Amino acid sequence: MEINNFEYIKPLLKFGTDAFYLIQIMQRGKDAGNEGKPSTRVIRSYYVNTEEYFDSHEEEIKKLCRVFNARAYIRLNPSSWKTCCLKSLGEIAKLIENEQYPCLKSVIDGLAGQYGAGKEYQKTWIVDIDTKDDKYIREVLDVIDTKCEPAGGKLVCALNTKNGCHLITTPFNLAEFRKYYTEAELQVHKNNPTLLYYCDEGIE
């Protein structure tokens, strides 16, 4: 199975001097053949700040995913270079004080999802649907668009995942949504990564 969302995600990216999108290639324990070990390890991180960078690394990202039986994820809400770098100073000082030197390399990765690039960038949410049933997906969209403020269409795009899809939407009234779907039924992520690429066929 191959899931390639590059062409659908590219139009959603908006670049600026203080914005970057975090892409991470992540290998789950069970995908690596380590049954009983659910931990996930990051194979590589990419800080995407131009369309050219995104395009030029597409094949490399796909290859690494196939080699490691891993998945590439991207945060669609861009992060601020300036804020992440400023916040990293305090984090690095704590790590040095506690002599946790190997953790230094993961500082920016950890901060990237916490500090947005600014109000000029449209914030998106992810509605995580674990089925490919078109009727069910349309019903969920109808609730979001007609029952949850603000009024109007909120769907940005729909992205395939291994077991269903991610509905990428603009923010809506979550309390109203929960009248129809519980958190156990449907999870709504306000700042999580979505699937960019997955292929379980490996490299010949």
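The values are calculated or read from the model by the stated rules, or taken from the named source; none is laboratory data. Please read these numbers as outputs of a predicted model, since none were measured by experiment. Positions of Cβ are backbone-derived with ideal geometry, glycine not excepted, and every protein chain shown enters the neighbour counts.
Which one of these is of a type outside the set (A, V, I, L, M, F, W, C) and under 30 Å from GLU2 (Cβ atoms): THR161, THR182? If you could, list the steps in order and put the result at the bottom.
Values: THR182 fails: under 30 Å from GLU2 (Cβ atoms).
From the options THR161, THR182, the qualifying one is THR161.
Residue by residue through the stretch 188-204, note down the ones that are in contact with a strand residue (DSSP E or B) (Cβ under 7 Å, 6 or more places away or on another chain) and either among the hydroxyl-bearing types (Ser, Thr, Tyr) or without any contact (Cβ under 8 Å) to a residue 60 or more places away in the chain (or both). Explain how you work it out, then say what you get.
Within the stretch 188-204, the subset in contact with a strand residue (DSSP E or B) (Cβ under 7 Å, 6 or more places away or on another chain) is 188-190, 192-199, 201.
Residues satisfying the conditions are THR194, TYR197, TYR198.
Considering only residues that are surrounded by fewer than 15 Cβ atoms within 10 Å (Cβ to Cβ) and among the β-branched types (Val, Ile, Thr), which ones fall in the stretch 41-91?
VAL42, THR50, VAL67 - these are the residues of the stretch 41-91 that are surrounded by fewer than 15 Cβ atoms within 10 Å (Cβ to Cβ) and among the β-branched types (Val, Ile, Thr).
Residues of the stretch 95-142 being among the β-branched types (Val, Ile, Thr) and surrounded by fewer than 17 Cβ atoms within 10 Å (Cβ to Cβ), which ones?
ILE96, THR131 - these are the residues of the stretch 95-142 that are among the β-branched types (Val, Ile, Thr) and surrounded by fewer than 17 Cβ atoms within 10 Å (Cβ to Cβ).
If you scan the stretch 107-162, which residues turn out to be free of Cβ contacts under 8 Å to residues at least 12 places away in the same chain and among the basic types (Lys, Arg)?
Keep residues of the stretch 107-162 that are free of Cβ contacts under 8 Å to residues at least 12 places away in the same chain, which gives 119, 133-136, 138-139, 142, 145-146, 151-153.
Once the filter is applied, which keeps residues that are free of Cβ contacts under 8 Å to residues at least 12 places away in the same chain and among the basic types (Lys, Arg), the stretch 107-162 yields LYS119, LYS135, ARG138.
Would the stretch 5-24 turn up any residue that is surrounded by 17 or more Cβ atoms within 10 Å (Cβ to Cβ) and more than 26 Å from TYR121 (Cα to Cα)?
no
Would you say LEU95 is outside the structural domain of TYR8 (by TED's automatic domain parsing) and among the hydrophobic types (A, V, I, L, M, F, W, C)? Give the steps one after another, and end with the answer.
Details: outside the structural domain of TYR8 (by TED's automatic domain parsing): yes; among the hydrophobic types (A, V, I, L, M, F, W, C): yes.
Yes; evaluated as a whole, the condition is true for this residue.
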